Structure formats: structure tokens, C-alpha cells
1. Do we find a residue being more than 24 Å from residue 472 (Cα to Cα), in a helix (DSSP H, G or I) and touching a Pro at 6+ places or on another chain (Cβ under 8 Å) anywhere in the range 507-514?
2. In the list 260, 267, which residue meets the criterion of being outside the structural domain of residue 457 (by TED's automatic domain parsing), over 15 Å from residue 459 (Cα atoms) and of a type outside the set (Lys, Arg)?
3. For residue 555, are the conditions met, namely being more than 26 Å from residue 478 (Cβ to Cβ), of a type outside the set (S, T, N, Q), assigned to a loop (DSSP other than H, G, I, E, B) and not assigned by TED's automatic domain parsing to the domain that holds residue 175?
4. Six or more apart or on different chains, Cβ atoms under 6 Å: show the pairs whose first residue is in the range 219-236 and at positive phi and whose second is β-branched (Val, Ile, Thr).
5. So which residues in the range 171-199 are touching a Phe, Trp or Tyr at 6+ places or on another chain (Cβ under 8 Å) and either among the β-branched types (Val, Ile, Thr) or in a helix (DSSP H, G or I) (or both), if there are any at all?
6. Residues in the range 86-103 that are among the polar types (S, T, N, Q) and in a helix (DSSP H, G or I): how many?
7. Within the range 137-166, count every residue that is closer than 20 Å to residue 63 by Cβ and either buried (at least 19 other Cβ atoms within 10 Å of the Cβ) or of a type outside the set (D, E, K, R) (or both).
8. Filter the range 268-327 down to residues that are touching a residue at least 60 places away in the same chain (Cβ under 8 Å) and over 22 Å from residue 451 (Cα atoms) and give me whichever is surrounded by the most Cβ atoms within 10 Å (Cβ to Cβ).
Amino acid sequence: MRFVFLLAALLSLVSCSSRPPRFSTIAEEFVLNSLTFAPSAATAAGYHRHNGVPLDELLDEFSPQTASRQRAYYIRFGNGLKRDVIPGKLSPEDLADYELVRQLISLARFEIEDVAVWTHAPQMYAEVFGNALFVPFASEYGPRDKRFYDILKRLERIPSRVLQAEGNLVSSPKVWREVAIAENQGNIELIAMLQKERPAVISKKFDDAAAKATESLLQFNQFLAKDLDGKDYDWRLGSDKYKKKFQLTLGTSETPDQLLAAAETELKRTREEMARLCGWSGKGDLNPVVRKRLDEIAKNHSTREEYFNSAKRDLAEVTAFVQQKGLLKLPPNKNLSVIETPTFMRGIYSVGGFNPAPAMDPTLGAQYWLTPIPATWSAERVESKLREYNFYGLKLLTIHEAMPGHYVQFEYANRVEPRGRRLLRSVFASGAYAEGWATYATQMVLEEGYLNHDPNLKLTFLKQQLRMISNAILDIKLQTGRMSDDEAMRLMLEETFQEREEAIGKLQRAKLSSVQLVTYFAGWRDHNRMREIAREVKGASFNLAAYHQAVLEAGGLPTSAVCKLITGRELR
């Protein structure tokens with residue numbers, strides 16, 4: 001790759017000057033080269049051509065040879081940093097980016113060298129196919145006919161990628177295969193929808209490619225159901241790999257067991273706070289007292305048909321509240337839409353999620369995904385979902401995912417300058433920073449009087465805090481083999497008061513991902529600690545809105561780096 005030569009040239013130019021080197025150009029080169037490894041992600045990030053190659057027409061490739069090329073690139077890149085960059089001469093902002101790039105290289109090498117996910121995870125292929133087709137349809141980065149041409153070229157590549165997947169996959173957990181089959185069915189439905197929308201000028205080619213892609217996905221599902229059946233693989237990372245990924249993902253020296261101890265302590269404290277709000281005397285079992293109150297609250301919910309409209313009303317309401325209270329300066333763009341979670345992503349996003357505007361084209365749309373309640377569900381399942389996301393629960397979800405949670409956070413991240421810094425901190429945003437901000441922002445909105453300090457809202461929030469805390473416990477214990485499915489369900493149903501439908505979905509998610517569910521609790525704790533440090537530093541001059549702006553303007557760095565940049569102190 002040409003990065004090594006660019007790095008040497010940059011530093012040789014800088015050596016004649018007293019000005020410290022700017023790392024942003026190096027960071028940009030890292031991001032752009034990394035995106036070429038995943039054309040579907042490149043399109044989502046707004047990166048459409050690399051050295052004249054149209055990335056929007058390409059489809060991600062997975063093979064041992066591809067992995068070897070990527071590994072070699074990351075090794076060369078890391079060696080170039082070690083050889084040519086002097087951290088002590090970097091500005092604080094550039095030093096933060098330098099440390100983030102080093103962390104990302106180590107994490108990428110871990111995924112290639114220690115996990116080799118492409119040999120076990122069929123859902124990875126299903127999600128890549130879905131994103132590759134959906135993003136050009138949903139993101140208006142160019143004329144409609146051009147975007148459908150890009151979709152056509154990707155459709156034409158799906159059969160070869162399916163064959164590649166079948167050659168790569170040697171074993172897989174049953175739950176991964178089941179989710180992949182469901183997501184592939186979602187891809188087939190997506191292709192059928194795209195066929196109805198395709199421009200007439202390419203209709204014959206599009207229909208031919210769609211038919212072949214559909215046939216190959218059906219074949220893939222047959223392979224997963226029959227050929228891969230019985231070739232099981234443990235979805236757990238195990239203690240050693242989990243610890244390594246945990247520290248690389250969070251950018252921390254803290255161990256999983258240290259975070260687990262903190263989560264278990266917070267679980268007990270939060271349960272007792274909830275119980276006191278419900279009139280618990282401090283003696284006896286608190287569960288019946290809390291459960292009775294939560295059951296009453298859960299009765300107040302939307303209907304399956306009105307679920308989306310309720311979320312849209314909640315979004316308008318909380319936006320007005322944030323503006324009225326002056327909690328932070330809201331982004332100028334009006335580019336947020338509420339849409340159904342794409343079918344191929346509902347395995348991991350069983351409730352909802354957020355899809356930011358592309359880092360390289362921030363004016364394009366951002367999406368708050370809300371997973372619809374299927375019409376095929378039984379009345380019991382529908383009621384369980386609506387009870388969990390009741391009148392208050394849906395508001396809290398909307399705050400977290402959209403306002404002033406992920407939407408605001410990513411809009412700020414997409415305005416960071418210079419460009420290289422923006423791309424690095426947006427495309428590779430720290431999960432703990434992002435999820436921590438969204439969870440902290442929800443807490444903060446309640447602290448500032450949303451719904452006039454409604455006690456039912458507070459109790460529902462604390463219930464969701466229990467879910468956040470249990471996410472961390474589930475992730476650590478399940479992935480390290482210290483918790484059974486029955487124990488996980490008991491934690492969610494009995495100790496954290498979740499509805500069964502929510503618990504079933506979360507258990508599946510814990511088996512599909514690793515070191516993601518911990519990011520909520522780890523990030524929330526860090527954001528609260530960072531605010532207290534800022535209060536200490538600023539004293540009487542501390543201003544909440546100004547603090548929020550400083551945190552958001554830092555972009556998606558690990559929280560420890562943000563704390564050092566905006567307060568001058570280490571996160572403790």
C-alpha cells in the first residue's frame with residue numbers, strides 16, 4: 001500500500017519546519033485504505049471511488065488470501081507509525097488520533113489472526129449482502145439510475161460471494177446459522193422490492209441478476225440448513241480471547257472481571273433504588289413490590305399499528321424539550337428519518353438502532369431504525385413487546401437512539417475538522433463513547449426535568465439501567481463460559497424485570513456479538529466520571545451545555561482520550 005511512502009514523505013517535509021506534524025492526513029489515509037477492504041461499508045461512509053475504482057459497484061470479498069493481504073497491510077502500517085512518528089512531538093489532538101489508530105490496528109489483527117470470523121459466521125455474509133444492496137437504495141449519494149446501476153453490479157457479484165462463503169465456512173453455531181437463514185430471507189425480500197423499483201433502462205439485466213442472486217441465497221440457506229448442520233462451533237470467545245478483545249475494543253487496561261464487579265455492585269444499588277421508589281421498607285424480597293408497580297406502568301402502551309407514529313411523536317416532543325432547556329446546541333441539519341429496521345439486520349437489532357449520515361457526506365440522511373412488530377406474532381408476543389416498550393419505554397428508546405443520543409452525537413462527529421480526524425473518529429467511533437453518550441444523555445434529560453420528573457418515567461429508566469447493567473454481566477459471563485442460558489434468562493426476567501420477549505432477543509444478541517453489550521455500561525460510567533472531573537476543574541464556572549458541546553466536538557474517541565483532551569486530567 002502507498003501509505004508507507006506517503007508517511008515518509010510527510011514526515012520528511014515536516015522535519016525542516018519547527019511546526020509539529022499534523023497527523024490528520026495519515027489518519028485519513030488509514031481510514032480510506034481500510035474502507036477499500038469493505039466496499040459495502042465504504043458506500044455507507046460516503047466513500048465512492050478509491051484511486052479511480054468505483055467502490056459502489058464492488059462487493060466485500062472474504063477469503064484466506066484477502067485476510068492475508070489485509071493483515072500484511074496492518075503490519076506495514078503499524079511498523080510505519082512506530083518507525084516514523086514521534087508521539088512526543090504530536091499535538092494533544094493528533095496524539096489522541098495516533099493512539100486510536102494503533103488501537104484499531106491491533107483490533108483488526110486480532111479479528112484476522114485470533115478469530116477468523118469468516119470461517120464460522122454465516123450471518124456476517126448475510127448482513128454484508130443486505131447492506132451492500134440497501135445502502136445505495138436508501139442513501140441518495142447520486143442520481144437514482146446511477147445508484148440502481150451500483151445495486152445491479154453488486155447483485156451480479158452475489159453468486160460468486162455465496163460460493164466463496166460456502167467454501168470458507170467450516171463450522172458454525174446453530175444460533176448463527178438460524179439467524180443467517182432468517183437474514184438471507186430478508187435479503188431475498190429486499191431484492192424483490194428492489195426489482196419493483198428498478199429503472200426501465202436496466203430492467204432486463206437487473207431482473208436476470210436478481211433471479212441469479214435470489215437463487216444463490218436460497219442455495220446458501222440450503223447449505224446452512226443441511227451441509228453445515230452438525231458442524232458446530234462454540235460462539236463463546238473464551239476468557240483469554242475475550243479479555244484481549246475487551247481491552248482493545250474499549251481502549252482500556254481494565255479487565256473484564258473488574259468491570260463485572262462494578263456492574264454487579266451497580267445492579268444491587270439500582271434494584272434497591274427502584275424498590276425505595278415503590279415504597280419498599282428495606283426488609284424482605286423487593287421483587288414483588290417493584291414488579292407490581294412496573295406491571296401497572298407497562299399497561300400504558302401503544303398498539304402494534306401505532307408503534308411507529310408514537311415514536312415519531314416522542315422524537316418531536318423530546319427535541320422541543322432539549323431546545324427549550326438549552327441542554328446543548330442542536331445540529332443544524334434536518335436529516336433524521338424514522339424507518340423500519342432493514343429485514344436483514346433484525347437478527348442483531350431486534351428492537352431498533354441508529355444509522356448515521358455518511359461521514360464523508362454528512363448532509364445525507366441519518367436513520368433511526370425501529371424494528372416493527374410482525375403481523376404474524378401471537379397476541380401474547382405482541383403484548384410482551386409493547387409492555388417492554390410502553391409509553392415511557394418507547395420515549396427512552398427514542399432519546400437514546402435519536403435525541404439527544406446517537407443522532408446528535410454522530411452529527412457532531414461528522415463536523416469535526418480537519419477531514420482526516422473527522423473520518424477517523426466517525427467511521428471508527430469508539431463504541432463505549434457512543435453508547436455511553438446515548439445512555440448518559442438519557443439520564444441527563446431526566447435529570448433536567450423531562451416530563452416534569454414523572455416518577456413512572458424515572459422507574460422505567462431505572463429498569464432500563466438494570467438492562468444496561470445486565471448487558472455487561474451477560475456479555476462477560478456468557479462469552480467466558482461462566483453463565484448458562486437458564487442463568488441468563490433468570491438474570492433478565494427476575495433480577496432486572498425484563499419482559500420475556502426482550503430477554504429472548506437479548507440472549508440471542510449476546511450470542512451473535514461479543515464486547516458490544518458491555519459498551520453501554522462501561523461508557524455510561526465513564527461519561528458520568530468525566531462530567532464530575534469537568535465540574536472539579538471548572539468549579540463555579542462549569543456550564544452543562546458548554547460541557548456537552550466540548551464532549552461532542554471531540555468526536556468518537558475512547559472516553560479516556562476525550563477526558564484528557566477536554567479536562568486535562570486522566571479518567572479515574
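1. Within the range 507-514 (the criterion being more than 24 Å from residue 472 (Cα to Cα), in a helix (DSSP H, G or I) and touching a Pro at 6+ places or on another chain (Cβ under 8 Å)), the answer is no, since none of the residues qualifies.
2. Result: 260 is the single residue among 260, 267 that is outside the structural domain of residue 457 (by TED's automatic domain parsing), over 15 Å from residue 459 (Cα atoms) and of a type outside the set (Lys, Arg).
3. yes
4. none
5. 175, 176, 180, 183, 184, 186, 187, 190, 194, 195, 197 - these are the residues of the range 171-199 that are touching a Phe, Trp or Tyr at 6+ places or on another chain (Cβ under 8 Å) and either among the β-branched types (Val, Ile, Thr) or in a helix (DSSP H, G or I) (or both).
6. 1
7. The total comes to 10.
8. Only one residue fits best here, namely 271.
The values are calculated or read from the model by the stated rules, or taken from the named source; none is laboratory data. Note that the structure is predicted; figures quoted are calculated from it, not measured. Cβ: placed from backbone, ideal geometry, glycine included. Neighbour counts: every protein chain shown.
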